[in-house]
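Inspection log for the structure reproduced underneath, given as structure tokens.
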Amino acid sequence: MNETLHVMETRRSCRNFIADKMVSEEDIQAIVKAGTYAATGMGKQSPIILAVTNKEIRDRLSAENAGIMGKKMDPFYGAPVVLVVLANKDVPTYLYDGSLVMGNLMNAAASLGLGSIWIHRAKEEFESEFGKQILSDLGIEGNYEGIGHCAIGYAAEPAKEPAARKDNYVYFVK
């Protein structure tokens, strides 16, 4: 089987990371580069990626995200790296563009033997003063909306087998 198709068929969300095992800078760079090659409407490249490896900022993101969710837990499941995808709302395809970036990030992580998971609530985080301050501190201006967090790291346990695909998932029109 083609390696790319194999990765796409076997990638699963990871909900248990080895928290104290950092992903190499080389792997992070490769993953974010893959994200930048996601298809975007009319090639406008509306998304941006915040690659968070600073533990203090990562933990603040986690706490903010947990607060939005209304739970006291680490929504990133111990992952040491959080890649936050935001996209420019002035571009009509921003939501789709950012979603494709998220998919590329997760598939790239899997291709390197890393676990990943898409965590929501980035929209609420970056609409808050907390998120706006992060963007301001980075010198990022614009009409950005949080699309998602791609938490990545080393899985603490093997991925589960995929669920059977549902009947009538695909309809061929010939």
Flagged links, alpha-carbon separation over 27 Å, of 44/132; 33/89; 21/72; 33/55; 44/174: 44/174
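How far, in nm, would the chain grow between residue 29 and residue 128 when pulled straight, counting 0.36 nm per residue and subtracting the alpha carbon separation? Mind showing how you got there, number by number?
Values: separation 99, 0.36 × 99 = 35.64 nm, distance 2.81 nm.
Computed gain between residue 29 and residue 128 is 32.8 nm.
If R0 is 35 Å, what FRET efficiency do you get for residue 69 and residue 174 from their C-beta distance, rounded to 0.05? If you can, show how the numbers build up before the last one.
Working: r = 45 Å, r/R0 = 1.28.
Computed FRET efficiency for residue 69 and residue 174 comes out at 0.20.
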For the chain: relative contact order, % (alpha-carbon pairs under 8 angstrom, 6 or more apart): 33 percent
Accessible area of the chain belonging to carbon and sulfur atoms, whole % at 1.4 Å probe: 52 percent
13 Å beta-carbon shell around residue 104, net charge (K/R +1, D/E -1): +1
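Solvent-accessible area per residue for the stretch 37-156 at a 1.4 Å probe radius, Å²?
Values: 5660 Å² over 120 residues.
Accessible surface, normalised per residue, equals 47 Å².
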For residue 71, net neighbour charge (Lys/Arg +1, Asp/Glu -1) across residues whose Cβ lies under 13 Å away: 0
Residue (of 1, 77, 104) at the positive-pole extreme of the chain, dipole from beta-carbon charges: 1
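Sort the following peptides by mean Cβ neighbour count (other Cβ atoms within 10 Å, averaged over residues), highest first: 30-36, 52-58, 134-140, 116-122.
On the way: 30-36: 18.7, 52-58: 14.3, 134-140: 12.4, 116-122: 21.1.
With the highest mean Cβ count within 10 Å placed first, the list reads 116-122, 30-36, 52-58, 134-140.
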Separation of alpha-carbon centers, the stretch 137-174 and the stretch 1-29, rounded to whole Å: 12 Å
Where 60, 165 fall by accessible area, highest first, once all protein chains stay in place (1.4 Å): 165, 60
Gaussian network model of the chain, springs between alpha carbon atoms under 10 Å - residue of 153, 43, 103 with greatest fluctuation: 43
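The values are calculated or read from the model by the stated rules, or taken from the named source; none is laboratory data. In this text the structure is predicted, and so the values were computed from the model without any measurement. Positions of Cβ are backbone-derived with ideal geometry, glycine not excepted, and every protein chain shown enters the neighbour counts. Heads up: the accessible areas ignore ligands, DNA and RNA and are worked out on the full protein's heavy atoms, side chains in. Shrake-Rupley method; radii C 1.70, N 1.55, O 1.52, S 1.80 Å.
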